[in-house]
Structures are given as C-alpha cells and as structure tokens.
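S.K.: My questions all concern the structure below.
Derivation of every value follows stated rules applied to the coordinates shown; laboratory data play no part. As the structure is a prediction and not an experimental result, all values here were calculated from the model. Cβ placement follows ideal geometry from the backbone for every residue including glycine, while neighbour counts extend to all protein chains displayed.
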C-alpha cells in the first residue's frame, strides 16, 4: 500500500470513500512542500486549485478586517483540510487568508476530482457541508463570509454600527453643587455654552439641569431665581463605556427618553455627549429617521413613516448590520408610533381616571418585530374603589378601541386571535391580571400555557411601568412552586413545531401558490419557545430571546458553545426573514409573508440552514429529557 493511500485511509473524511475511489484519489494527489513560510492564499482573491490536505506542518487561517487586523484565526495541522468551502461554495475563491509555516507539506486534490467525489459520495460531501454549517454558526466567521463589499457612502452610513464611543468628541462635564441657585447655574451654562449642567453632592452626580428645565420649571412657573437647583433637577443619570458602539448609546437615549450620557473609561467619567450631537454627525442614520417619527403630527403622517421602514431595514441588512440591531430599530420605531397614537387619544378623550400601562406582547414584547406584524397588546390599570370601577373600565375600553383602530390604519393590523387591548378580555385591573396568571399556572392545560407564554413576553410601552413590575413580581412568587406539571405542559407546548428537516437532511417543504416553500417563522419558533421555558424555570424576567440566552449563559444553564450556537442560529434566520419581507414590500409591492423557497437560497444559505435545524433538533431533545422525561414525546 502506498504512503498516500495509507494516509488517506487514516484521515477523516476520506475513510468514508470506498477502496476503488481511494486508490484513484491517491494516484491523483499532488505533493507540495513550502520551503519558506508565507501567505499562500488571500481572502476572496486567490484561486484555490484543489482541496489541500495537510500532511506535515501547519496552516494559520484568518480574515483581515477593515483595519488590517486578523480576525477569526484558526490553526490547521496534519489531517486537516483547506479549500472545500472555497471550491464548493465560493466559486473557487479562497474564503480566508492562509499562512503556511515553513516546511509545511500538503497533498492537493485537484478541484475537478474533489467535486466529482462530492457528487458521487454523499457521506463524504455531507461531512464538509456539516463542517461549514457549524463554522457559519460562529458569528465572526459568518460576518466575513456574508459581508458585502463596501463603498465610501456605505462606510459613512454604517459609522454608527462599526464606530465606538471612543471615536466621538465628548464635552467636559461641568457641574454645580445641589444648593446652587438656578440663576448661578444659568450663568455657568452660558459661560460654558452648555445646555446641560450636572448637579453634585460631594463627588457624586445626583441629577442634572437643562435649559428646558430652567424654562419650564423656573421661567414658565414664575419661580424665584434663587431656587436651589436640587428642587428642579431631574435624573437618573445614565452612563456608557467609551468601548460601547455608537448605536448602543443612541438606542439607550431613545429607550430612556434622555438627551445626555456620561461617557466612562474603566469607571472614570471622561465627558458628556448629547443626542443631538450624535445624530447631527450623520444625516443618513436610521436614528434620524426615528427622530422624524417622533416629530410626526398626525396619524396619516405616522402611516407614511411606517411605510418607509422596509427600505430602512433593507439598507441596514445589506450593509452587514446585525439582524438583532435591525429588530431594535423596528421596535423603536413601532414603540414611538404607539406612544404618539396613545398621546393623541388621551389628548382627545381626556386624562385617564386611573394609573395604567399599555404593554406589548408576543414578538413585539420580545423586541423581535419583523415587517409582517400585527397588534399584540394589553392594558393593566390600577384597582379602584367599587364606585369608580365601571367608570374606569368604560374609559379604558373606549381608549383601547381608539388606539387599536389608529394603529390598524397605520399598518399594525388587528390580531386575528384577538390578543389586543380592544378585546375586553385583555384590558383589566391589576388584581384581575394577577388572577389570570394564577389560573394559568395552577391549571396548566394547553390553552393556559399558550396564554401564559404569550403574556409572559410582555413589555412596557406607555404609562406606569411599576404596574408591569408588580405583576412580574407576582409571577415570580407563583413560580416558586408551580408544580411539575406546569413545566411539563410548557415544554410540550414548546415542542409543537419541529425544524423542517427531511430524513435525509434536506429542507422539508410544503406547497403554497404552486411553489415548494418552508415557513421561516415556524422554523425560528422552537428557539423562542425553548429559551422561554428555561428562562421561566430560572426566573429570568427578560423578554428578548437574545437577552434571555445571555442570562442563561451567565447562570451557567447554557454552555458558552450552546449560547453561541443558539444566538447565531436565531439571528441568522431573523436576518433572512427580514430581508425577504423587505424585498416583498419594496420590489413585489405585496404584503410580506414568512414563506421561503429553498430554490431562491444560495448554497451557503442552504448549508447554514441545515446546520441550524440540526442545532434546534438537538436542543429540543434536551428539553424532552429535562422537562418531559420522555425522549420520544
């Protein structure tokens, strides 16, 4: 037996080939030795002429980022191969840059021979496909493989998504003591050309005063100019690390409705930045679009703004922006629209007779909205004395009807299942909501756990957030001893959707409109559901799937590897889903849907989806064992 044939028989996946194929392959191998170390392939430039099998020595493979630094580096040694992905999926161009160590020896399989082996021997081919799918679940690898080429305008546009706060020019923090009269504070602001002055108590910042606060609380209220600043200051103060991304700072400002952030470096304050400064740096930013939504004056204007969202999202995704950020942008826009509608209704019908909270449910509650979205919302209002109960309820049902009608007009269509505040079933007092959750937990049939799952994914939109927090505290208390059947039923509900994989590891399809398609929303649902089950079990109140995964990893419920696999799987499909929906709206001028034809996917997308579906299968098996005690049910 020749040395080459013996080597192949003891190297994966060549041992999967039959003897005659191995003999022909051994004869076709080209032996190459690199006398000196150096780069032998450059990412997306060098033509890969064949599959390279390392016999002796080492390859270092990596990507160069835009700053010329190495990323996603890995070392390959004897028995490892390079070039399969490039030949099969990248038109023969090297996917990564490859550095060969001195005296590295390889066998090269000619590209045509390798393709023929893959075509004729499925197990051999699938071993490379599976490996690539696993690599695509590595965020750094996938980012470079799918990254489009950038032009100057795109780099400018994406500055928010690749730039960090340390690249932003902050202003020095100017402050005064808590007892400082407001007229002196105003002089200090004028001398430093500031619109925000921070208030100290010793070395600690306890609040801030702005030009708007001086106008509203002193001038408009005709208060004495000697009023101490502590009587009109506001808070809390929000901080962000200089290592954070710019988009994180802007999202924090929008989410908390604040205009200023203190920037820190390892816990030390380095300066302050304003929202207007960050936004003015880039006119094309989607955050400027969010600001324009805030300034909309009518329901029709809000409708026109919502119609522009698909283009905003598509531009983000095609420029390599992560799908989880696109979700946040959509959520921020829809939240802003809902808040504007609510404020408009209250302005028309008068102030509410009780404290209340308008909350989002389902995907909106998880901040995972797509472009095909309906209304999932509910209202909690505070308990009132008997004589005021009917008045209170009548107000909020009328209020919910008006809000829901206007949201529907804008493009947030009515929920076909009736999970909306306009449904009297889902607008109630806090005590009534507590009874709802008690019933769902104590009597967990299939409908109860479905309701619980939907309403557990609830998030504050407008009103008194304390009502949501009180309800969540009540839920946690009930979950101290829910009974084993509750989690069994919850897990069973989470297992109702299976990933669309055929027995032979193809993508299972259904026929719709004369096309073979699969439902990408249902393909993602198992991840949402299984993560929710684990979050409930470990009393994690976060609603976003990604945040739940992070918390489960931090609590050592999921390993680092499991966390990354599920995160990458979920948001890879989310990105695909958003791109398809945006194209349906923009190009086809049709209502978006969740059906994807495998024939419209690239080879890389198909391979990655198969790997993702296998990941989901494995985690569903884990849920069966951990929660239902039944491997087969």
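S.K.: Can you compute the helix-only [θ] at 222 nm over the chain? Use -39500 (n - 2.57) per DSSP H run of at least 4 residues, normalise by all residues, nearest 500 deg cm²/dmol.
M.R.: On the way: 24 runs with 302 residues, N = 633.
My calculation for the chain gives -15000 deg cm²/dmol from helical runs alone.
S.K.: Of [x] 26.3; [y] 36.8; [z] 34.8, which one was derived for mean projected area of the Cα convex hull in nm² from the structure shown?
M.R.: The calculated read-out lines up with [z].
S.K.: How large is the convex hull of the C-alpha atoms of the range 437-493 per residue, in Å³?
M.R.: Numbers: hull volume 4.1 nm³, N = 57.
Once divided by residue count, the hull of the range 437-493 is 72 Å³.
S.K.: Still on this structure, please answer the following. For the range 494-628, take the alpha-carbon Rg, divide it by the Kirkwood Rh, and send me Rg/Rh.
M.R.: On the way: Rg = 15.7 Å, Rh = 15.8 Å.
We get a ratio of 0.99 for the range 494-628.
S.K.: Sticking with the crude label model, points 7 Å out along Cα→Cβ, report the distance from residue 432 to residue 203 in nm, one decimal please.
M.R.: 5.3
S.K.: How big is the range 162-284 along each principal axis, measuring the range of its Cα positions in Å and listing the largest first?
M.R.: In descending order, the Cα extents are 48, 33, 26 Å.
S.K.: Another question, if that's okay. In whole Å, largest first, what are the principal axis extents of the Cα atoms in the range 3-145?
M.R.: Extents along the principal axes: 49, 33, 22 Å.
S.K.: Rounded if a/c is under 1.5, else prolate if a/b beats b/c, else oblate: with a ≥ b ≥ c from the C-alpha gyration tensor eigenvalues square-rooted, which is the range 233-283? Intermediate results must be reported in sequence, preceding the final value.
M.R.: Values: a/c = 1.70, a/b = 1.15, b/c = 1.48.
Note, shape of the range 233-283 comes out oblate.
S.K.: May I ask you to order 580-587, 342-349, 567-574 by the average number of other C-beta atoms within 10 Å around their residues, highest value first?
M.R.: The most tightly packed comes first, giving 567-574, 580-587, 342-349.
S.K.: While we're on this one: Of the peptides 50-59, 599-608, 323-332, how do they stack up when ordered by the mean number of other Cβ atoms within 10 Å, highest first?
M.R.: Numbers: 50-59: 20.5, 599-608: 16.0, 323-332: 22.1.
Most protected by this proxy first, the peptides run 323-332, 50-59, 599-608.
S.K.: Between residue 20 and residue 478, how many nm apart are label points set 7 Å from Cα along the C-beta direction?
M.R.: 6.8
S.K.: Something else about it: By average Cβ neighbour count within 10 Å, what is the ranking of 31-43, 531-543, 176-188 from highest down?
M.R.: Output ranking for 31-43, 531-543, 176-188: 531-543, 176-188, 31-43.
S.K.: Moving on to the next point. Give me the angle, in degrees from 0 to 90, between the Cα long axis of helix 545-554 and the longest principal axis of the Cα atoms of the chain, rounded to the nearest 10.
M.R.: Long axis of 545-554 versus the principal axis of the chain: about 80 degrees.
S.K.: Using only Cα atoms, what Kirkwood radius does the range 361-476 have, in angstroms?
M.R.: On the way: mean 1/r = 0.0672 Å⁻¹.
About 14.9 Å for the range 361-476.
S.K.: Let me ask another. Could you calculate the contour length gain from residue 113 to residue 191, that is, 0.36 nm times the residue separation minus the distance between their Cα atoms, to one decimal place in nm?
M.R.: Using 0.36 nm per residue and subtracting the Cα-Cα distance, I get 20.4 nm.
S.K.: Determine the percent antiparallel among the DSSP beta bridges restricted to the chain, to the nearest 5. Please list the in-between numbers first.
M.R.: Values: 57 of 67 bridges.
In the chain, DSSP labels about 85 percent of beta bridges as antiparallel.
S.K.: Going by the alpha-carbon gyration tensor, a ≥ b ≥ c the square roots of its eigenvalues, is the range 501-571 rounded (a/c under 1.5) or, if a/c is not under 1.5, prolate (a/b greater than b/c) versus oblate?
M.R.: Details: a/c = 3.23, a/b = 2.25, b/c = 1.44.
Prolate shape, in that a/c is at least 1.5 and a/b is the bigger ratio.
S.K.: Let me ask you something else. Answer rounded, prolate or oblate for the range 206-345, using the Cα gyration tensor with square roots of eigenvalues a ≥ b ≥ c: rounded when a/c is under 1.5, else prolate when a/b is larger than b/c, else oblate.
M.R.: Here the range 206-345 falls in the oblate category.
S.K.: Please give the contour-minus-distance gain from residue 169 to residue 105: 0.36 nm per residue of separation, less the Cα-Cα distance, rounded to one decimal in nm.
M.R.: Working: separation 64, 0.36 × 64 = 23.04 nm, distance 5.16 nm.
That pair, residue 169 and residue 105, stretches by 17.9 nm at full extension.
S.K.: While we're looking at this one, here's another question. Over the chain, what is the mean sequence separation of C-alpha contacts under 8 Å (at least six apart), divided by residue count, expressed as relative contact order in percent?
M.R.: Numbers: 943 pairs, mean separation 67.6, N = 633.
Answer for the chain is 11 percent.
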